[in-house]
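The values are calculated or read from the model by the stated rules, or taken from the named source; none is laboratory data. If you're wondering where the values come from, they're calculated on a predicted model, not measured in any experiment. So basically every Cβ, Gly included, is an ideal-geometry build from the backbone, and we count neighbours across all protein chains shown. Side chains are part of the model used for accessible areas, which takes the heavy atoms of the whole protein and leaves out ligands, DNA and RNA. Shrake-Rupley method; radii C 1.70, N 1.55, O 1.52, S 1.80 Å.
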Amino acid sequence: FVWRHNSGMVRTAHDTMVRMGVAGMPDVFALKDGFLIGVEVKRPGRKPTDIQERMLNELREHGGATIVAHSVQEVENFIKLL
């Protein structure tokens, strides 16, 4: 089971900003046999922000598995190891 987690901010018609989701959450989540997997998607050569790193660490501390992925192949290889 996989879903895309949208986060960030949007400007309203009243020129105010509204936060969507929780800052730093991975881009994609999956459940495999009841196990949470968080995937932060980055272009080749790019790294997660500090807040993204903190969130990935927190998810791991609570028993989830996380990866910063630069390709589909990286994700496939990671999931095979779980």
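A single entry from H5, H62 fulfils the requirement of being at pLDDT 95 or above and either out of contact with any Gly (no Cβ under 8 Å at 6 or more places or on another chain) or open to solvent by less than 100 Å² (accessible area, probe 1.4 Å) (or both): H62.
Table: residues versus (1) over 10 Å from the mean Cα position of the chain (by Cα); (2) among the β-branched types (V, I, T).
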residue	(1), (2)
V2	yes, yes
M9	yes, no
T12	yes, yes
V18	yes, yes
F35	yes, no
V39	no, yes
Q52	no, no
E61	yes, no
E76	yes, no
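Taken as a whole, the structure places V41 among residues that are surrounded by 10 or more Cβ atoms within 10 Å (Cβ to Cβ) and either polar (S, T, N, Q) or modelled with pLDDT of 95 or more (or both).
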